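All of the numbers you see were taken from the coordinates with simple rules; none came from a lab. Just so it is clear, the model here is predicted, and its values are computed rather than measured. Cβ placement follows ideal geometry from the backbone for every residue including glycine, while neighbour counts extend to all protein chains displayed.
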Amino acid sequence: MRLGINLGYWGAGMDLDNLEVAKEADRLGYSVCWAAEAYGSDAATVLSWVAAQTERIDVGSAIFQIPARQPAMTAMTAATLDSLSGGRFRLGLGVSGPQVSEGWYGVKFDKPLARTREYVEIIRKAMTRERLSYEGQHWTLPLPGGPGKPLKLTVHPEREHIPVYIAAIGPKNLEQTGEIADGALLIFPSADHLEETAVQHIRAGREKVGKTLEGFDIVPTLPLAVGEDKDVPALADAFRPYTALYVGGMGSRKQNFYNQLAQRMGYEEAAAAIQDKYLAGDKDGAAAAVPQDLIDSTTLLGSVDRIADRMKAYAAAGVTTLTLAPAGFTLEERITALRAGMEALERAGLA
């Protein structure tokens with residue numbers, strides 16, 4: 001099992017710290033450095049900056065939002081980043097959510113599975129550097145009856161095949177991801193529930209196209225906080241607002257994928273209570289309603305030995321790249337957590 005690092009969103013007052021974290025991850029032998037985007041910093045610019053100041057670590061978008069870019073533009077960005085980084089780019093995609101898609105980009109959040117499939121097909125075709133033409137439900141290239149003509153990508157990416165990852169939560173999305181992508185980006189993953197909430201659906205998608213899980217990258221992101229085992233409850237408390245935001249406030253009452261995931265993990269009553277409080281404006285109450293074991297099962301908390309044991313469980317559940325989001329208010333704290341993550345991987349015998 002390999003390790004990755006997720007820098008999250010840029011512009012949160014830790015920009016230079018994030019760069020130092022990425023450089024230290026590169027030095028330690030982390031496999032990939034991911035950057036996110038929502039409605040602030042864009043991931044492409046961040047990744048180009050990180051790639052320019054690192055040597056070995058891959059850089060990946062987690063994620064490029066599908067409603068934000070036309071698929072041909074994403075192919076151009078991927079080819080450019082792969083070329084500039086010397087073949088170190090990984091293309092992570094996701095449909096975002098209805099609030100961001102419709103509120104920020106003005107793109108209707110409908111038929112996300114069909115849109116994702118077409119999007120990936122266009123990118124794959126563009127990356128072959130053949131002339132691009134496509135007829136689908138959501139995109140037609142060139143537009144019929146106009147002056148457009150099939151064009152081909154002029155940039156030569158470093159590699160013929162740039163790996164495509166899809167951020168997936170729901171069963172149908174996970175199955176399609178197994179069918180059309182090279183990897184899956186997961187959030188709030190519990191090792192105890194990973195088979196039924198994710199892996200079985202990915203496997204089903206692979207089987208649909210005559211493939212196995214061999215070579216498919218299963219990539220969950222887990223917050224990491226290092227301390228004494230006796231301090232695990234206090235460490236968990238630090239992530240209450242984070243968990244409450246996703247389970248309670250990310251999306252609408254009817255369309256909150258993270259809330260649905262918590263329910264599938266057996267937290268139906270807690271998920272409902274968190275959402276009720278969050279949507280009523282009681283964020284503190286929502287955070288207090290998050291069960292400690294939900295936080296503990298979806299993060300890495302405690303001593304290096306405890307974290308190593310948890311890493312073994314994730315590896316046994318099918319994880320191939322474990323992405324860490326090291327917690328800390330200072331650069332020193334985050335670097336310490338980063339080093340502890342690699343030490344735990346080695347102690348687990350997984351490096």
Whole-Å distance, taken between Cα centres, linking segment 132-183 and segment 229-302
34
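Could you list, in their original order, any pairs among 23/208; 23/172; 23/152; 23/230; 230/312; 211/312 whose Cα atoms are separated by more than 29 Å? Could you put the intermediate results ahead of the total?
Working: 23/208 40 Å; 23/172 37 Å; 23/152 35 Å; 23/230 32 Å; 230/312 21 Å; 211/312 25 Å.
Pairs exceeding 29 Å: 23/208; 23/172; 23/152; 23/230.
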Starting from 0.36 nm per residue, how many nanometres of slack lie between residue 140 and residue 237 once their C-alpha separation is accounted for?
30.0 nm
Can you give me the angle between helix 112-127 and the longest principal axis of the chain, using Cα atoms only, in degrees from 0 to 90, rounded to the nearest 10?
60
Just to be sure I understand: with springs between alpha-carbon atoms less than 10 Å apart, which residue in 316, 38, 52 has the highest mean-square fluctuation in the Gaussian network model of the chain?
52
So for 277, 211, fewest C-beta neighbours within 10 Å to most, what's the order?
211, 277
Per-residue [θ]222 nm for the chain (sum of -39500 (n - 2.57) over DSSP H runs n ≥ 4, rounded to 500):
-13000 deg cm²/dmol
Cα long-axis angle, helix 15-28 against the chain (0 to 90 degrees, to the nearest 10)
90
For the Cα atoms of the chain, what angle does the longest principal axis make with the long axis of helix 43-52, in degrees from 0 to 90, nearest 10?
80
Calculating P(r) over Cα pairs in 10 Å bins from 0, in percent from this structure picks out, from (1) 5, 26, 38, 26, 5, 0; (2) 5, 21, 29, 26, 15, 4, 0; (3) 5, 24, 35, 25, 8, 2, 0, entry (3)
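I need 115, 206, 159 ordered by Cβ neighbour count within 10 Å, fewest first.
Working: 115 22, 206 19, 159 14.
Lowest to highest Cβ neighbour count: 159, 206, 115.
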